[in-house]
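What follows is calculated from the coordinates using simple rules that are stated; it is not laboratory data. These figures come from a predicted structure and were not determined experimentally. Glycine gets a Cβ as well: all are built from the backbone with ideal geometry, and neighbour counts include every protein chain shown.
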Amino acid sequence: MRTQVAIIGAGPSGLLLGQLLHKAGIDAIVLERQTGDYVLGRIRAGVLEQVSMDLLDEAGVGQRMHAEGLPHGGFDLLFQGMRHRIDMRVLTGGKQVMVYGQTELTRDLMDARQATGLPTVYEAGNVTVHDFDTTKPLVRYEKDGQTHEIACDFIAGCDGFHGVCRASVPRGAVTEYEKVYPFGWLGLLSDTPPVHHELIYANSTRGFALCSMRSATRSRYYLQVPLSDRVEDWSDAAFWQELRLRLDPQARDQLVTGPSIEKSVAPLRSFVAEPMRFGRMFLAGDAAHIVPPTGAKGLNLAATDVKYLAGALTEFYAERSEAGIHHYSDRCLRRIWKGERFSWWFTSLMHRFPNDGAIGQKLQEAELDYLVGSRAASTVMAENYVGLPL
């Protein structure tokens, strides 16, 4: 087979890149080692910045997001038993975010790709990338007992943290930065109305909690738990009881509980790989960077990568210019490190750290008190949350 761009990974970043390239008249094949149902089964992010919303519109798949998504102009910070609203819309001159589940976004992209008959290979086994340091890269994979080869101009590594693309880079050619946090998030999804019409981020002496949502009838809640905890350790009743203990009295009274649809424990880490381009292979999304979910930057940073990469490839084919390709990594990393900084800061502010003791809690509460009492500090928070400009 021959194509212009081989995209490894059919998550949101790979599918969004494929859709943008299709709009630009560039051929691409998407390879995914899992089934389509498995990809849709991943319960991930649900808060989109304006940059991500604009990209979905540009790709022609934003209609359902605008019809069913929930625009949010603010969120609550809960500490010392009281809630304080950060009014993003007022503080940023009208900007807001959209709550729209990653599962739904992925479904929209899958449906658009299928409707136009664009090639996607699911259950592609033993994917390998070759010769990306030349002008004739190759991708090999196995399907139905046969080995297939794709000749291409470029390879886009959208295959996640454990993917093959970054792992194929020669040792010494990439520098990895990582911070692993000493706790995880226990998440519960339920078909219950959200406890509040906007998100609540809670700092309590018992640990962090987040009240989020996927729709007006489906809620997503998180609890900070030790890394040693397993899903099996937490019944639904135990989860709901612990969540109540971390909320304020009003939220506690308004909380509607029900059976979980899904429960999982996710570790938290900050991770960046530099650079993000190796000859004619590019890394995008989780293949190059991971952020703690506090502040919902992961999917949005991936969307920015895709925007820069789609623009660079379009420029190459339309103008025979390699300027965008050469600057791709630097442009992405400048924004990525700002997103990493915000996610690290927000995580450090809201969670209980095992070794910080009582003074750590007091310092967090003092910073939160300053944050909600200072318009300047609240503006910094709001600007980062809605997404920094490109």
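Could you calculate the contour length gain from Met82 to Ile359, that is, 0.36 nm times the residue separation minus the distance between their Cα atoms, to one decimal place in nm?
Numbers: separation 277, 0.36 × 277 = 99.72 nm, distance 1.98 nm.
Length difference between fully extended and current span is 97.7 nm.
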Kirkwood Rh (inverse of mean 1/r, distinct Cα pairs), the stretch 292-390, angstrom:
15.7
Which one, Ser260, Leu105, Tyr201, is farthest towards the positive end of the dipole of the chain when Lys and Arg carry +1 and Asp and Glu -1 on their Cβ?
Tyr201
Using the Cα centre of the stretch 322-376 as origin and beta-carbon charges of +1 (Lys, Arg) and -1 (Asp, Glu), tell me which of Ala366, Tyr328, His351 is placed farthest towards the positive end of the dipole.
Tyr328
What's the extension gain from Gln96 to Arg2 if we count 0.36 nm per residue and subtract their Cα-Cα distance?
29.6 nm
Taking the 0 to 90 degree range and rounding to the nearest ten, how far is the long axis of helix 298-319 tilted relative to the main principal axis of the chain, both from C-alpha atoms?
30
Counting pairwise Cα distances across the stretch 231-277, what percent come out greater than 11 angstrom?
76
For the chain, give the magnitude of the charge dipole about the Cα centre (Cβ charges: +1 Lys/Arg, -1 Asp/Glu; no others), in debye to the nearest 20.
500
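Among residues other than Ser13 whose Cβ falls under 10 Å from its Cβ, what is the net charge (Lys/Arg +1, Asp/Glu -1)? Intermediate results must be reported in sequence, preceding the final value.
Values: positive: none; negative: Asp159, Asp286, Asp305.
Here the charged neighbours net out to -3.
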One would report the Cα pair-distance distribution of the stretch 334-387, bin width 10 Å, in %, as 22, 48, 27, 3
Förster radius 22 Å - calculated FRET efficiency between Trp337 and Glu367, Cβ distance, rounded to 0.05
0.50
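How would you rank 100-110, 116-126, 188-198, highest first, on the average number of other Cβ atoms within 10 Å across their residues? Don't skip to the answer; put the middle values down first.
Numbers: 100-110: 21.3, 116-126: 14.4, 188-198: 19.2.
The most tightly packed comes first, giving 100-110, 188-198, 116-126.
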In Å, what is the Rg of the alpha-carbon atoms in the stretch 100-220, and how long is Dmax?
20.8, 57
Please compute the volume of the convex hull spanned by the alpha-carbon atoms of the stretch 93-147 and report it per residue in Å³.
196
Can you tell me what the convex hull of the Cα atoms of the stretch 186-342 projects to on average, as an area in nm²?
11.4
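Where in the stretch 123-166 are there chymotrypsin sites (Phe, Trp or Tyr not before Pro) that are in a DSSP coil and have at most 16 other Cβ atoms within 10 angstrom of their Cβ?
Sparse-neighbourhood loop chymotrypsin sites (Phe, Trp or Tyr not before Pro): Phe161.
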Modelled label reach - Thr128, point 7 Å along Cα→Cβ, the stretch 148-163 residues with backbone N closer than 18 Å
148-152, 155, 163
Gap separating the Cα centres of the stretch 367-383 and the stretch 293-342, nearest whole Å
28
Obtain the radius of gyration and the Kirkwood radius of the stretch 1-53 from its C-alpha atoms and give Rg over Rh.
1.02
Could you run the Karplus curve 6.51 cos²θ - 1.76 cosθ + 1.60 with θ = phi - 60° over the stretch 58-71 and give me ³J(HN,Hα) per residue in whole Hz, x for Gly and Pro?
4, 7, x, 10, x, 4, 5, 4, 5, 6, 10, x, 10, x
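Compare the peptides 169-178, 266-275 by average per-residue count of other Cβ atoms within 10 angstrom and give them in order, highest first. The partial results should precede the final answer.
Values: 169-178: 10.5, 266-275: 17.0.
Output ranking for 169-178, 266-275: 266-275, 169-178.
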On C-alpha positions alone, give me the angle between the axis of helix 357-373 and the longest principal axis of the chain, in degrees, nearest 10.
80
In Å and whole numbers, how far do the C-alpha atoms of the stretch 259-336 stretch along each principal axis, longest first?
55, 24, 20
State the answer as a single residue: which of Gln63, Met53, Gln96 lies farthest towards the positive end of the charge dipole of the stretch 46-99, with beta carbon charges of +1 for Lys and Arg and -1 for Asp and Glu, about the Cα centre.
Gln96
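So what is Rg over Rh here for the chain, counting just Cα atoms and using Kirkwood for Rh?
Values: Rg = 21.3 Å, Rh = 21.8 Å.
Value, to two decimals: 0.98.
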Just add up the charged neighbours of Ile336: K/R +1, D/E -1, any other residue whose Cβ is under 10 Å from the Cβ of Ile336.
+3
Separation of the stretch 205-244 and the stretch 61-106 by C-alpha centroid, Å?
20
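Can you give the convex hull volume of the alpha carbon atoms of the stretch 44-159 per residue, in Å³? The partial results should precede the final answer.
Working: hull volume 22.9 nm³, N = 116.
About 197 Å³ per residue, rounded to a whole number.
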Taking the Cα centre of the stretch 1-102 as the origin, how large is its charge dipole in debye, to the nearest 20, when only Lys and Arg (+1) and Asp and Glu (-1) carry charge on their Cβ atoms?
180
How large is Rg over Rh for the stretch 313-363, taking Rg from the Cα atoms and Rh as the Kirkwood inverse mean of 1/r across Cα pairs?
1.41
Compute the angle between helix 323-350 and the longest alpha-carbon principal axis of the chain, please, reported from 0 to 90 degrees and rounded to the nearest 10.
20
